[in-house]
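Below is one structure, written out as structure tokens, with a few remarks after it.
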Amino acid sequence: MHIIFSNTNLDEKLYKKVIYKRGEVVFNSGDICNEIGFVEEGLLSIKTHTYTSDEYEISSLKENTCYGMFLLFSDDPHYLGTCIALKQTIVYIFTKDNLLEALKNPFFLNNYLHLSSNLAKVNQKKLKILSQKSIQNKILFLLVSNYQENGSSILKIKSKESLANYLCITRPSLSRELIRLKKLKIIDYSRNYLKLIKIDSLY
């Protein structure tokens, strides 16, 4: 069960369980958000397009994450991207009224605020990365942040393509900068990880 339900004994009438098949659309860009979804297991991808029709991923949602948290009570509750299930995904869905009722449960409220705080931090980190003025700075900011938070010089990645999407740059541009940083012996990398070599000099 999703972490949001931990120790709550929540009334099952307040939510519904939905199973999305691989490739199924959860919501489309521009749709109005009238519910919140908590991902129990699986993987969702929220993507959007630039004005030049290039597609990039806004975020990926795995187990114990959610969507709609910052839109449900917004003055402009329209989704900014299209959400698609990358594999079979189980989601627990609450309407606005049912969520308000669930939040009367102190344990559910605590779990909800905990999840909200973590999500806000993830979004803040993403914003700081994207605000970096160069591709080099984006890469190094990501690696240094990982080192500070986890004490590891190695950052595991799904693929270069997924990393490029996360940094909102093209894969060729990412590859060129990785090659350059490797020649400078600042980083090392392979298909599934980046490694920060010169740590002290970056503080």
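Bear in mind that the values in this text are calculations on the coordinates, not laboratory data. Here the structure is a predicted model, which is why all the values come from computation and not from measurement. Glycine gets a Cβ as well: all are built from the backbone with ideal geometry, and neighbour counts include every protein chain shown.
Once you keep just the Cα pairs under 8 angstrom separated by 6 or more residues, what percentage relative contact order results for the chain?
Relative contact order of the chain: 21 percent.
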Dipole magnitude (debye, nearest 20) for segment 1-107, charges at Cβ of Lys, Arg, Asp, Glu: 320 debye
Cα-based radius of gyration of segment 1-151 once divided by 2.2 N^0.38 Å, which approximates compact folds: 1.13
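Can you give the charge dipole size of the chain about its Cα centre, rounded to the nearest 20 debye, using +1 on the beta carbon of Lys and Arg and -1 on the beta carbon of Asp and Glu? Kindly include the intermediate steps, with their values, before the conclusion.
Numbers: 28 positive and 20 negative charges, 264 e Å.
Value, rounded to 20: 1260 debye.
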Residue-count net charge about M1 - beta-carbon cut-off 12 Å; Lys, Arg +1, Asp, Glu -1: -3
P(r) tail fraction, segment 44-121 - alpha-carbon pairs more than 14 Å apart, %: 70 percent
Most mobile of F73, F108, F141 in a GNM of the chain (Cα contacts under 10 Å): F73
Segment 118-131 - phi-based ³J(HN,Hα) in whole Hz, Karplus 6.51/-1.76/1.60, Gly and Pro as x: 5, 5, 4, 5, 4, 5, 5, 5, 4, 5, 5, 5, 5, 7
All-pairs Cα distance distribution in segment 145-203, expressed in whole percent, bin size 5 Å: 4, 18, 27, 28, 18, 5
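Among 116-126, 168-178, what's the highest-first ranking by average C-beta atoms within 10 angstrom per residue? Working shown, then result.
Details: 116-126: 12.5, 168-178: 15.2.
Top to bottom by mean Cβ count within 10 Å: 168-178, 116-126.
Once the piece of chain linking L113 and T95 is laid out straight, how much longer is it, given 0.36 nm per residue of separation minus the C-alpha distance between them?
Values: separation 18, 0.36 × 18 = 6.48 nm, distance 1.74 nm.
Gain on stretching L113 to T95: 4.7 nm.
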Å³ per residue enclosed by the Cα convex hull of segment 23-76: 94 Å³
Whole-angstrom Cα spans of segment 103-187 along principal axes, big to small: 56, 26, 23
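Going through segment 1-74, which trypsin sites (Lys or Arg not before Pro) have at most 13 other Cβ atoms within 10 Å and a DSSP loop state?
On the way: sites: K13, K16, K17, K21, R22, K47, K62; in loops: K21, R22, K62.
Those satisfying the criteria are K21, R22, K62.
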